[in-house]
């Protein structure tokens, strides 16, 4: 695994089909971009919890469901996934960029 993939989770990201299947089964899509980015377009059914707000708003997310986080390019989603795991969330997937979920 390369350094970039190791830092940003590129080697174990879900495929678009896997994401769609998990969402259909009840997983939550969490968009960690800014509200302005979210307003300009987002995946259907996604909830906006900007990365900078995530530490304070993590309690709004269900710990018993799978969470699929995404952003614009994958850097913020990798940070979000790591942060959520450190807070005890066990079912977190980093989908990378918006293009991977739409």
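The numbers here are math on the coordinates, done by the rules we state, and not lab data. Treat the numbers as computed from the prediction; the structure is a model and nothing was measured. For neighbour counting, all protein chains shown are included, and Cβ atoms are generated from backbone atoms with ideal geometry for every residue, glycine included.
Across the range 3-100, Cα pairs under 8 Å and at least six residues apart give a relative contact order of 32 percent. Build a GNM of the chain with springs between Cα atoms under 10 Å apart, and of 26, 36, 88 the one that fluctuates most is 36. Each distinct pair of alpha carbons in the range 36-88 adds a 1/r term; the inverse of their mean, the Kirkwood radius, is 11.7 Å.
Using only alpha-carbon positions in the chain, the gyration tensor eigenvalues give semi-axes of 17, 16, 15 Å once each is multiplied by 5 and square-rooted (largest first).
Taken along the Cα-to-beta-carbon direction at a fixed 7 Å, the label points for residue 25 and residue 91 span 0.9 nm.
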